[in-house]
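A short reminder: the numbers here are calculations on the coordinates, not readings from a lab. Just so it is clear, the model here is predicted, and its values are computed rather than measured. Please note: Cβ atoms are built from the backbone with ideal geometry, for glycine as well, and neighbour counts cover all protein chains shown.
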Amino acid sequence: MDFNLTREQEMLRDMVREFAQRELAPKALALDAKGEFIHDIIKKTAELGLVGIITSKEFGGTGMGHLARMLMIEELSRIYASLGFFFQTGQIGMYAIENFGTPEQKQKYLPALCKADKIISTALTEAGGGSDPSAIQTTAELKGDEYIINGRKVMISEAPVCDLAIIVAKTGDKFSAFIVEKGTPGFTTSGKENYVGLRSLPVGDLVFTNCKVPKANLLGQEGKGLAVAIGGISAVGRTGVAGVALGTAEGAYAAAVKYAKERKLYGKPIAELQAIQYMLVDCNMEIETARWLCYKAAVLLDQGKSPRDAGDDITRCKLYSCDIASKVALRAIQIMGGYGTIPQYEITRRLNDSIELFTAAGTQEIMKNTLARSIIA
Amino acid sequence: MKNTHQVWVWIEHHKDVINVGSLGLLGKARELAQQLGGGNVAAVLAGTDSPQITEELFSYGADDIYLADDKSISLFDSESCAGFVAGLAREHKPEIMLWGATSLGKEIAARAAVKLDTGLTAHCIALDIVEIDNVTQLAASVSGWGGNAIIRIICPQKRPQMATVKAGIFPPARFEKRQGGIIRVKAAQSPARIEVIEVITAPERADAPEQAEVVVAGGWGMSSLGGLEQAAELAKLLGGSLGGTRPSVDAGWISHDKMIGQSGVSISPRLLITLGVSGAAQFTSTVQSSKFIMAIDKNPDAPIFEMADLGIIGDLPEILPRLIEKIKAVKDKK
Amino acid sequence: MPGDIAVCIKQVPHPDCLAKLSLDAARGTVNREGVPAVINPVDRNAVEASLRLREKLRNRVIALTMGPPAARKALEDALAMGADYAVHLCDRAFAGADTLATARALAGGIRSTGGIALIICGNTTIDSGTGQVAAQLAEMLDFPCVTDIEEIMPEDGASLLVKRAWEQGDIRVRVRLPAVLAVNAKINQPRLPNVLDIMAARQKEIKEWCAADAKVEAGCVGLAGSPTQFWQAGEFHARRQGEILRGSPDEMVAAAVDKLKKLELI
Ligand SMILES: Cc1cc2nc3c(=O)[nH]c(=O)nc-3n(C[C@H](O)[C@H](O)[C@H](O)COP(=O)(O)OP(=O)(O)OC[C@H]3O[C@@H](n4cnc5c(N)ncnc54)[C@H](O)[C@@H]3O)c2cc1C
Ligand SMILES: Cc1cc2nc3c(=O)[nH]c(=O)nc-3n(C[C@H](O)[C@H](O)[C@H](O)COP(=O)(O)OP(=O)(O)OC[C@H]3O[C@@H](n4cnc5c(N)ncnc54)[C@H](O)[C@@H]3O)c2cc1C
Ligand SMILES: Cc1cc2nc3c(=O)[nH]c(=O)nc-3n(C[C@H](O)[C@H](O)[C@H](O)COP(=O)(O)OP(=O)(O)OC[C@H]3O[C@@H](n4cnc5c(N)ncnc54)[C@H](O)[C@@H]3O)c2cc1C
C-alpha cells in the first residue's frame, strides 16, 4: 500500500491551492456576504480543466479521475466551500450523462458543460421528502414522440441558473430520468432560497407545467431512472459533499491553530493551554481520518469499482466527513472566544457551510441506513 | 603612490549627482585601507568630466581617482563598464573593490568578477578586515534567515576581494578638505550590444523612505490596526515617509518601492519609528544607521528592541492613537 | 528568432518556511531538511515571459536548473507550465557553489544544449538573493545582459526591446541577441498549468546531465570552483543603549513624546 499521491496529483493540488489563494481567499468574505452565483470564477476553473476532471477527453473533459477531483474539491473548500460544492452537484449530471447517455447526448451536452458554458442541475428531491424517493409526484407521460412532464422539484442546486437539468419523474409506477433544457415551454425555475450556508450556491425550484420533452431526452432506459440518479449521486455527489466537508474542516482548523498560537493569555499563547491542545488534537485526528476515508473512496472509483461496489466506502466518507466538519468548525469558534462568532473572522461561515452538508446528497441518517443494511446483509 | 593594499570604489552617478551609496563606501574604504596598513583609496569614475564630482569624491574619502572622462561611456552599459574596470584592476591589482548594490552596479560588479575570476559578496551589511590562517583579508557579512543570523563570507585565494553594499548601510562622511590625484585613463569601448533608447527618470519621490528625515515603518503588527490609516497619519504628522516590512508589502498596505530591508531600500533617517516590526536581520541591517530608533511592539522579546533607542512595549491599537494625539498637542503648542 | 529560449530556474525553500532554515555552521551549507521546496517565485515569471515570447516567436523553451535530485520537481512544474523540455544539471560536483561556480555550470549547460538565442532568469532568489547569477552567466557566454526587466517586446529576429527598472525610474533598452535577461515580478502573472498540461508534463523529456555532460571540469564548479567561502555564522548585533518604557499606555506615550521633544526629533 502506498499513501503517496502521484506527481500529477501533487501538481494538481498545488495548482488548485494557488488558484484558491489568488481567486478566492481575498474575496471569500465578500462573496459570502453577496451570495451571488460565481459564474465568472467557475469559468476560470473550466479553463484550468477542472470542471471536466472526471469526464473523458473525448467529450471535452480532462479525465484525471476521482482522486484528483477529491483533491480539487478539498483545496477549493478549504478557502471557499461554495465553489467546492459547485463541483459536487455540477459533476453529478455530467457523470450521469457520460455513463447513461446516448452518444448523441454525450456529444451534445458534455463539451459545453466542461467549459462551464452551460450549467446543469440534477433534481430528485420534492417537497414530499428528499429521503423517500417514493414521494416523487412529478409525472412524465409519453404522448407520441414526447413526454409531458408535470411537477415541482425543490431544494435543487443551481436551479435558478441552470441551462439544463436531469430530473427524475414517474413513468407509470416506475421512475425515469430526463434531460430538460432551459427554454423548453412549460419549464420554469423559481427564485432562490435564502440558505444560511454555501451562499454562492443558488438553490431553488424547478417547475414543470405540461412541459413537452422529446423522447430522445430520456436518459438511460425508461423505468431505470432511480439507478441513473442514485449512481451519480453516490459516486459523484456523496464523494463531492465529503470533499467539501473535509476542506471546510481543514479551513476552520487552520484558522484555529493560527489563532491559538497568536492569542496570548497569562503571558503565553493559548495554544499552550492543555484544554486548547485537546481540542486541536481532536480536530486533527478527525480531519486525518476523514481525509483517508475520502481518498480511499475516490481511489476505489479510479480503480474502476462501480458506485455500488465502492458503496460502503462512499457512504463512510460522506457520513464521517459531514459529521466532523461542523464539529471542527464549532471547536474553532470556541477556541477563538468572542471573536469566533464575528463573521469577519471567517469561522461562522465554516459552520454555516458545514451544516448544509448534513442533508445534501442524502442525509446522515440515510447514510447510516445504507451502511447498516450492508453490515447485516 | 603606494600601489599595494588599495581599496577601490566604483562610483555610480547620474546627471552629475553621485549616488549616496558610493559616497558612503568611500568612507568605509578609508577604514578598511587603514586596517590593511594604510593603503590608498581610489574611486573609479567613468563617463563624466565634472570637476564637482571629482572634488566631492576627494572630500568623501578618495585618495586617487581613476577617471575615464569619455562622456560616451554609459553607466547603463554594464558590459563596457565591466570591461573598463576589470582592465584597470588587472593592471593595478587592488586588494578590495566595493560597489553600490544598485540595479546597475550589481550588474557591472557581477560581470567584472567573472572577468577577474574572483568572488563577489552581495548585499553586505558589515565589512571587516580579519586575519585567517595568517592572511589578512576581508570578511563580508550578509544576513541569513530569520532572527539575527549573519553569515560572514571570505575570499581567501582570489584578488581583488569584491563586495556590493546597499546605500544607507555606510552613511557618507565628509573629511577635511583633501586633495588627491586624478589618474586619467582610457576606456576601450567595446561595440555596444545594448542601445539605451530612453531613460525615464521618475519624478523625485518626495515621500521616498530612503530620502526622508523621518520614517515610520509599519510591520505585520499593523494588522491589529485593521490597516494603515493611523500609521499614515503619524507619518504625515511628522512630515515623514511611511515605509514597511516585507509582510506589510505582501499584505498590500505599502507599495513595493517603500519596502525597507535587504530586498528593498536602506534608510538612514534622523528618526525611525517602527510599528509592529519584529526586527528580522533582513530589516534591521538596513536601518542601523538611523540616528534614533523608536520601536513599538507588543512582544517584549522582539529583537527590534535590541536595536532601539527607545522602546514601547504595548498593543498598537492602544498606543498609536495616544501617540498621535500627544504629538499633535506638541505641534499645536509650537 | 533563430534559436531557442533557455529559462533558468532555481528550487528554493517555500517562502513561508524561510524562518525554519538553519545554517550548518561547520560546512556553511543550508539545512533544507523537512522544508518543502518550490520554484523560486520570480523564476515562474521568467518561465511565463519565455512562454509568451514563444507564442510570438515560435521557438522552443528549455527549462534549466542546477540542483540536487529533488530539484527535478521544479523542472516538472516548468514543463507543466509549458516548457518544451528540460535540462537538469545534477552532480555532486555542483554542490556548494557560489554564484561564479553556479554561473559556470549553467553556462556549460547552455553551451551543451546548443542553439540558445535567449536566456531568461529571475532577477533574484528568495533564499540567498544575490542577484548576480544572470550577469555572470552572460559574461561567461559573452552575451549582453539586462536585469530588473519589467517588459519585453520582441522586435525583429535580432533584437528585443526591454524596459528595465532602476533606482531612479525606468530605462528602455534595445538588446541584441543572443542575450541574457533577468526579469522581476512586475513583468507578468505566471500562468497556472491546466489539468491537461499537468498530465502532458510527464511525457516531456528531462535530460539529466553531470558535469562531464555539461562539459565543465568538476574542479571549476561547486565548492571547489567557488572563490568565496563561508567563514562563520554569527549573530547580527546592532545593539543600542535602548530605554524600554513601561507603565500604562498613557504613561509610556507621555514619556516617549517628552524624550523625542527633548532630543528635538519632533
Ligand atoms: C445545499 C443543498 C443542496 C441540495 N441540492 C439538491 C439537488 O441538487 N438535487 C436534489 O434532488 N436535492 C438536493 N437537495 C435536497 C437533499 O437531497 C434533501 O434535502 C435530502 O435528500 C433530505 O430531504 P429533506 O430535506 O426533504 O428531508 P427529509 O427527507 O424530510 O428528512 C427529514 C429528517 O428525517 C430523517 N430521515 C428520513 N428518512 C429516514 C429514515 N429512513 N431513517 C432515519 N431517518 C430518516 C432525515 O435524515 C432527516 O433528518 C439539496 C439540499 C441541500 C441542503
Ligand atoms: C545566505 C547566503 C548568502 C550567499 N551569498 C553569496 C554571495 O554573496 N556571493 C556568492 O557568490 N554566493 C553567495 N551565496 C551562494 C549562492 O546562494 C549560490 O551561488 C546560488 O547557487 C546562486 O545564487 P542566488 O540564489 O543568490 O542567485 P541569484 O543571482 O539571486 O539568482 C538569479 C537567477 O539566476 C538563476 N539561477 C540562480 N541559481 C540557479 C540554479 N542553481 N539553477 C538555475 N538557475 C539559477 C535563476 O533564474 C535566478 O532567479 C550565498 C548563499 C547563501 C545561503
Ligand atoms: C532573502 C530574504 C530577503 C528578505 N528581505 C526582506 C526585506 O527587504 N524587508 C523585510 O522587511 N523583510 C525581508 N525579509 C523577511 C524577514 O525575514 C522578516 O520575515 C520580516 O522582516 C518580518 O516582518 P515584520 O516584522 O513586519 O513581521 P513579523 O516578524 O511577523 O512581526 C510582526 C511584529 O508585530 C508585532 N505585533 C503584532 N500585533 C501587534 C500589536 N497589536 N501591537 C503591537 N505589536 C504587534 C509582533 O509582536 C511582531 O513583533 C526577507 C527574508 C529573506 C529570507
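Distance between the 7 Å Cα→Cβ label points at B:Ser72 and B:Ile200: 2.9 nm. Using the Cβ-Cβ distance between C:Asp84 and A:Lys27 with R0 set to 51 Å, the FRET efficiency from 1/(1 + (r/R0)^6) comes to roughly 0.90. Length gained on full extension, A:Glu181 to A:Asp2: 60.0 nm, using 0.36 nm per residue less the C-alpha separation.
Against the longest alpha carbon principal axis of chain B, how many degrees, from 0 to 90 and to the nearest 10, is the axis of helix B:103-116 turned? The helix B:103-116 is inclined about 40 degrees to chain B. In the protein assembly as shown, one over the average inverse separation of all distinct C-alpha pairs is 31.6 Å, which is the Kirkwood hydrodynamic radius. In chain C, helices alone account for a calculated mean residue ellipticity at 222 nm of -8500 deg cm²/dmol, with every DSSP H run of four or more residues adding -39,500 (n - 2.57). Counted residue by residue at 0.36 nm each, then reduced by the alpha carbon distance between them, the extension gain from C:Met153 to C:Asn31 reaches 39.9 nm. Taking N as the residue count of region A:226-376, its C-alpha radius of gyration divided by 2.2 N^0.38 Å amounts to 1.16. Rounded to the nearest 10 degrees, what's the angle between the helix A:274-302 long axis and the longest principal axis of chain A, both from Cα atoms, 0 to 90? Between helix and principal axis, roughly 30 degrees. How would chain B be classified by its alpha-carbon gyration tensor: rounded, prolate or oblate, with rounded meaning a/c under 1.5 and the a/b versus b/c comparison settling the rest? Verdict is prolate for chain B. Compute log10 of I(q)/I(0) for region B:141-198 with the Debye formula, placing one identical point scatterer on every Cα and leaving out solvent, at q = 0.13, 0.20, 0.26, 0.28 Å⁻¹, to two decimals. Results for region B:141-198 at q = 0.13, 0.20, 0.26, 0.28 Å⁻¹ read -0.87, -1.06, -1.12, -1.17.
Computed from the C-beta positions of A:Lys268 and A:Lys215, the FRET efficiency with R₀ = 56 Å rounds to 0.20. Summing Cβ point charges (Lys, Arg +1; Asp, Glu -1) relative to the Cα centre of region C:119-236 gives a dipole of roughly 320 debye. Taking only the Cα atoms of region A:7-114, the ratio Rg/Rh comes out at 0.99, with Rh defined as the Kirkwood radius. For region A:1-93, the list of trypsin sites (Lys or Arg not before Pro) that fall in a loop by DSSP and count at most 13 other C-beta atoms within 10 angstrom is empty. Could you work out [θ]222 nm for chain A from helices alone, using -39500 (n - 2.57) per DSSP H run of at least four and dividing by all its residues? Round to the nearest 500 deg cm²/dmol. That comes out to -16000 deg cm²/dmol.
Where a ≥ b ≥ c are the square roots of the eigenvalues of the C-alpha gyration tensor, would you call region A:84-153 rounded, which needs a/c under 1.5, or, failing that, prolate if a/b is larger than b/c, or oblate? In terms of gyration-tensor shape, oblate. For the listed residue pairs B:Lys28/B:Lys166; A:Lys174/A:Lys224; A:Lys43/C:Lys56, the alpha carbons are over 18 angstrom apart in A:Lys43/C:Lys56. When the listed pairs B:Lys115/B:Lys158; A:Lys34/A:Lys153; A:Lys258/C:Lys73; A:Lys44/C:Lys204; A:Lys44/A:Lys296 are checked against a 20 Å cut-off, the alpha-carbon distance exceeds it for A:Lys34/A:Lys153; A:Lys258/C:Lys73; A:Lys44/C:Lys204; A:Lys44/A:Lys296. What you get for the protein assembly as shown, charging only the Cβ of Lys and Arg (+1) and of Asp and Glu (-1), is a dipole of about 440 debye around the Cα centre.
In this rough spin-label picture, where each label sits 7 Å from Cα along the Cβ direction, the B:Gln52-A:Leu371 distance is 8.2 nm. Peptide B:301-310 is shielded by partner chain Cβ atoms: per residue, an average of 5 of them sit within 10 Å of its Cβ. Relative to the dominant Cα principal axis of chain A, helix A:311-335 is inclined by about 40°. When both region A:60-126 and region C:13-80 are represented by their alpha-carbon centers, they are found 34 Å apart. Counting Cβ atoms of other protein chains within 10 Å of each Cβ in B:137-145 and taking the mean gives 4. At a Cα cut-off below 12 Å, give the aspartates and glutamates reachable from A:Lys27, other chains included and same-chain residues fewer than 8 away excluded. Hits, sequence-local ones excluded: A:Glu346.
Shielding by partners for peptide A:9-16, expressed as the average number of C-beta atoms from other protein chains within 10 Å of each residue's C-beta, is 5. Only Cα pairs under 8 Å and 6+ residues apart enter the sum, and on that basis the relative contact order of chain C stands at 24 percent. Annotation note: GluC sites (Glu not before Pro) in region C:85-172 located in DSSP loop regions with a Cβ neighbour count of at most 16 within 10 Å are C:Glu155.
When you work out D = kT/(6 pi eta Rh) for chain C at 20 °C and 1.002 mPa s, using the Kirkwood radius from C-alpha pairs as Rh and the Stokes-Einstein form, the result is 105 µm²/s.
Report the calculated FRET efficiency for A:Thr102 and A:Lys34 (r = Cβ-Cβ distance, R0 = 51 Å), to the nearest 0.05. Step by step, r from the Cβ atoms, then E = 0.80.
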